[in-house]
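First up is the structure itself, then whatever we jot down about it.
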Amino acid sequence: MTEIQTSRRSFLKTSATATGGLLMAVNLPGTLGQAMAAGTVSTPNAWVHIADDNTITILSAHSEMGQGVHTSMPMLVAEELNVDLSQIKVVDAPPGEAYVNALLGAQITGGSTSVRGSWEKLRVAGAQVREMLVSAAAAEWKVDRAQIKADKGMLIGPNGKKATYGAMAAAASKLPVPEKPAIKDPKDFRIVGKRTKRVDTPAKTNGTAEFGIDVKLPGMVYATIVQCPVIGGKVKSFDGAQAKAMPGVQAVVQVSDGVAVVADSWWRAKKAAEKLSIQWDEGSVASISDASMLEGNRAAAKSGKVIPIIASKGDVAKAIQGAAKVLEAEYISPMQSHSPLEPMNFTAHVQGNKALLIGPTQFQQGAQGAVAGALGLKPEDITLKTTFLGGGFGRRLELDFVVQAAEISKAVGKPVKLVWTREEDMTHDYYRPMGVNHLKAGLDASGMPVGLHFKVTSQSVTQRAFGLPKETLDPFMAEAAVTGYNVPNTQHDLVIHDTGFRVGYWRAVSHSMNAFANESFVDEMAKAAGQDPYAYRMKMLEGKPRYANVLKLAAEKAGWGKALPKGRARGIALMEGYDSYMAQVAEVSLNKDGSVKVHKVTVAADVGHMVNPDTVEAQLQSSIIFGMGAVLKHQITMKNGRVQETNFAAYEPVRMYEAPQIDIVLVKSTEKPGGIGEPGTAVAAPAIANAVAALTGKRVRRLPLTADAIRQA
Amino acid sequence: MSVNFQVNGKPAQAHAETDTPLLWVLRDELGMTGTKFGCGAALCGACTVHVNGEAVRSCQTPVSAVAGKKVATVEGLSAKNNHPLQVAWIKHDVPQCGYCQSGQLMSAAALLAKNNNPSDADIDNAMSGNICRCGTYPRIRAAIKDAAATMRKA
């Protein structure tokens, strides 16, 4: 997988340079000025602000959307700065070149990159500041640096000399930043790798945490928007008179994506928006349905341009031709919406050439750049503040709602908080594209594969979002396409089919469709070979210790092979994604109505070095339950270009009564850190599908895996 | 027209149209943003508050319906986070994005006020109206049991 990962990492940077797309590198002049302290604040580097009252603020370049970065990022800095987490405050970094995520080439929170990208960078940042503080104290006290210790916010020198970090911060900030400060050997870590309480929990249990939807500015007004029921459609004409006459309404404003109503409360804006009469130019999407998208994907799979994902191994056609048994299957993953629980919103205040933007975003520089482009402002004249995100899952990488808020504020000349209804949110997402996977394998007389042909046909998010040239490999479509299994002849192909519909990066991106196909197919091969699916996988993992280890650990913990009560069965699945290795065993039965009940998911994960093991566990629980919803329950369908699911009745996330027991085994590992926010979502699908197949003898190859899907299989 | 009621033990007055949902009176008129908007259709539970001790979805409760009644919101559990549920939530580090947690806490508080020894089925019944898109359910369940044990000892 190495070459694919490398291409994925370097991709956005290259593409941005090539296309001059959304990425706006902005250096904010002077201090970042967000330290939460009175008095003078010094900024030895971009990550640490120290006030003279010794208030220490650590900046997080990554948005907190539940994945625990407001704790894990400061832990890395604090480890080397030698302060306790209780001594620091954390704030979101502003847009700035210093905060660019090197793995994605932009200031983005996504792709399970936060820990991977920050692992060394933030420890170095903490160590730099520590060394600068020590140097400043050495100069002040005229002693050797080696005689000074920096610990828990205090500098301690010989002969009882003592000073707070704050007292030395101003002097330290004037010193050159050491390029290669000494950082600890991981065995000496005091903070990193230890179970650590999240710093954001208390604010999230007493109602004080500020999400985008909670932002208040003096003189602020409230807005909501009505967009064309066919995404991409434009306003032809509209009559806002009735809306304008409703109580509290201040303005009815046409913006790029629709018509907004501005009022003195959100409810009044929403009630008035119901009175709008809008004629739409629906555009080309109006002719699309999910059925036509599937047919389009299938046709493209047959005749579209084939893009190799990785160099072929051996001669697959020949191997399959000479095989004792040939297996072929098609797997279908439907569209999915992100549906974070906090509906899309942003607050904007545009004043002349300047703008203030406050809200939940996964893409600070993008938000700044997009508003600059839309309003004709300079990016450096746009201040952006990030709030907590009430979920992201990739939806808040998009910038539509940010631009809308700015356009409305400009039109009314006031600070505006734009909040979408849930219905607007669900019907105007950037959806996880539909995916169609075709797999073909030849098995030898012993049942083991001698040739494997993998093909995925789907839509490229990266073409839309970052201008990836057509007919080139989109690495975000090829994730988990290549498995760890040893098969002598393999070929992995990608076909990009543009349905014309709007797609986006969704939790686990293409891992979610590719792992479903690959790991379902391995089970089908095992069945054709008359072998146990666990043992069958193990046979193909010689020389792949990290894969084999998690598979074994999950199987052991789950009691693989041990008898279950009547009516229950287990399924197993394995994947590498985001540099993390993971196996899951799902234990299922059928409810009376024929739907699937997941009793337990056992997961073993080797994620390399961990920063906060409790967060790793939380993300495993989270990603599995998130994945379960997509596997068992929901999908986005479309008729005449209109998304049919409008709220949580038709697109229903997993609820408490459906949540399984989740048993977790974490591998102690000193490998480089892997990402853990997403892979669990992808592995849940085949683990559950394989369990259902084991239970019912029926193989469901098209998600979601509902009672009807099982009956019809 | 105004509607008089109590919020967290203090008198409150709403001047909005009387069919305005309690949620938006709390958030936009009274400035209490701890209670969240998720779906506007009583499907997600993010807006859960108590009216005279019962958990209700404030997005579907017109403010006229709470005239003369006692409303409790997450801000009233305890600003200092010392309600047994808040203590347990922090102990188990329940929240992820945190957006649904006000509603989760209020549903759980209504449950424990009536039943300080809930079974798993009781928890399923009381909590299944509250969606957590981050999937914090295993920790919510553990924290409710923990808080219930604390309340039984008290």
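Every number here is computed from the coordinates shown, using simple stated rules; none is lab data. Just so you know, these numbers come straight off a predicted model, no measurement behind them. So basically every Cβ, Gly included, is an ideal-geometry build from the backbone, and we count neighbours across all protein chains shown.
Each residue of the range A:275-290 in turn: what ³J(HN,Hα) in whole Hz from Karplus with 6.51, -1.76, 1.60 and θ = phi - 60°, glycine and Pro shown as x?
8, 5, 10, 10, 9, 10, 8, 6, x, 6, 5, 4, 8, 8, 10, 5
Can you compute the radius of gyration and Dmax for the range B:3-76, using only the Cα atoms, both in Å?
Both quantities, over Cα of the range B:3-76: 10.6, 29 Å.
A:Asp92's amide H: which non-local residues (gap 5+, or another chain) put their own amide H closer than 5 Å, with H modeled 1.01 Å from N in plane and none for Pro or chain starts?
A:Ser60
Can you compute 3J(HN,Hα) from phi for each residue in the range B:109-114, using the Karplus curve 6.51 cos²θ - 1.76 cosθ + 1.60 with θ = phi - 60°, rounded to whole Hz and x for Gly and Pro?
5, 5, 4, 5, 5, 9
Any idea what the relative contact order of chain A is, in percent, if you count C-alpha pairs under 8 Å spaced at least 6 apart?
On the way: 1667 pairs, mean separation 102.2, N = 713.
Relative contact order of chain A: 14 percent.
Search the structure for amide H atoms under 5 Å from the amide H of B:Val7, placed 1.01 Å from N in the peptide plane, and list their residues when 5 or more places away or on another chain.
B:Ala12, B:Val71
Net charge around B:Thr73, counting only other residues with Cβ within less than 12 Å of its Cβ (Lys, Arg = +1; Asp, Glu = -1)?
Numbers: positive: B:Lys10, B:Arg27, B:Lys36, B:Lys70; negative: B:Glu75.
Net charge around B:Thr73: +3.
Which of these, B:Thr18, B:Thr48, B:Thr73, has the largest mean-square fluctuation under a Gaussian network model of chain B (Cα springs below 10 Å)?
Answer for the Gaussian network model of chain B: B:Thr18.
For the range A:384-391, in order, what is each residue's ³J(HN,Hα) by Karplus, 6.51 cos²θ - 1.76 cosθ + 1.60 with θ = phi - 60°, in whole Hz (x at glycine and Pro)?
Once rounded to whole Hz, the list reads 10, 10, 9, 9, 4, 9, x, x.
Using modelled backbone amide H atoms (1.01 Å from N, in-plane), which distant-in-sequence or interchain residues come within less than 5 Å of A:Lys597's amide H?
Correct list: A:Ser589, A:Leu590, A:Asn591.
Subtract the Cα-Cα distance of A:Ser284 and A:Thr208 from 0.36 nm times their separation in residues, and report this length gain in nm to one decimal. Please list the in-between numbers first.
Working: separation 76, 0.36 × 76 = 27.36 nm, distance 4.47 nm.
Answer, rounded to one decimal: 22.9 nm.
What net charge is computed for the residues neighbouring B:His50, neighbours being all others with C-beta under 14 Å from the C-beta of B:His50, Lys and Arg scored +1, Asp and Glu -1? Don't skip to the end; give the middle numbers.
Details: positive: B:Arg57, B:Lys69, B:Lys70, B:Lys114; negative: B:Glu54, B:Glu75.
Spelling it out: positives minus negatives among the neighbours equals +2.
If I take R0 = 22 Å and measure r between the Cβ atoms of B:Ala149 and B:Ala79 in this structure, what FRET efficiency does the formula 1/(1 + (r/R0)^6) give, to the nearest 0.05? Each step should come with its number before you reach the end.
Values: r = 24 Å, r/R0 = 1.08.
According to the calculation, E is roughly 0.40.
At a threshold of 8 angstrom on Cα-Cα distance, excluding pairs fewer than six apart, so keeping six or more, what relative contact order does the range B:3-76 reach in percent?
Result for the range B:3-76 is 40 percent.
Could you please rank A:Asp444, A:Asp257, A:Asp281, placing first whichever residue has the fewest other Cβ atoms within 10 Å of its Cβ?
In increasing order of surrounding Cβ atoms, one gets A:Asp281, A:Asp444, A:Asp257.
What is the mean number of Cβ atoms from other protein chains located within 10 Å of the Cβ atom of each residue in peptide A:209-215, rounded to a whole number? Intermediate values should be presented prior to the final figure.
Working: counts 8, 1, 5, 0, 6, 6, 1.
Mean partner shielding for this stretch: 4.
Between the range A:40-93 and the range B:1-32, what's the alpha-carbon centroid distance in Å?
The range A:40-93 and the range B:1-32 have Cα centres separated by 38 Å.
With a/c under 1.5 counting as rounded, go ahead and sort the range B:77-153 into rounded, prolate or oblate using the C-alpha gyration tensor (a ≥ b ≥ c being the square roots of the eigenvalues; past the cut-off, prolate if a/b is larger than b/c, else oblate).
Values: a/c = 1.57, a/b = 1.12, b/c = 1.40.
Taking the square roots of the gyration eigenvalues as a ≥ b ≥ c, the range B:77-153 is oblate.
Among the aspartates and glutamates, select those whose C-alpha is under 14 Å from the C-alpha of A:Lys244, and discard any that sit fewer than 8 residues away in the same chain.
A:Asp264, A:Glu274
How many angstrom lie between the Cα centre of the range B:84-154 and the Cα centre of the range A:579-650?
If you average the Cα positions of each part, the centres end up 21 Å apart.
Would you list which lysines come within 30 Å of A:Lys592, measuring only between C-alpha atoms, while excluding same-chain residues fewer than 8 positions from it?
Counting by Cα, and skipping residues close in sequence, A:Lys592 has these lysines nearby: A:Lys527, A:Lys557, A:Lys562, A:Lys566, A:Lys600, A:Lys633, A:Lys698, B:Lys145.
Listed here are the pairs A:Lys216/A:Lys271; A:Lys194/A:Lys668; A:Lys354/A:Lys410; which of them are more than 18 Å apart at the Cα?
Violating the 18 Å limit, Cα to Cα: A:Lys216/A:Lys271.
What distance in nm lies between label points placed 7 Å from Cα along the C-beta direction at A:Arg145 and A:Ala713?
So the label points at A:Arg145 and A:Ala713 sit 6.3 nm apart.
List the lysines whose Cα sits under 17 Å from the Cα of A:Lys639, skipping any in the same chain fewer than 8 residues away.
Within the straight-line limit of under 17 Å, A:Lys639 reaches no lysines at all.
Using a Förster distance of 60 Å, how high is the FRET efficiency between A:Asp53 and A:Ser256, based on the Cβ-Cβ distance and rounded to 0.05?
For R0 = 60 Å, the calculated efficiency reads 0.85.
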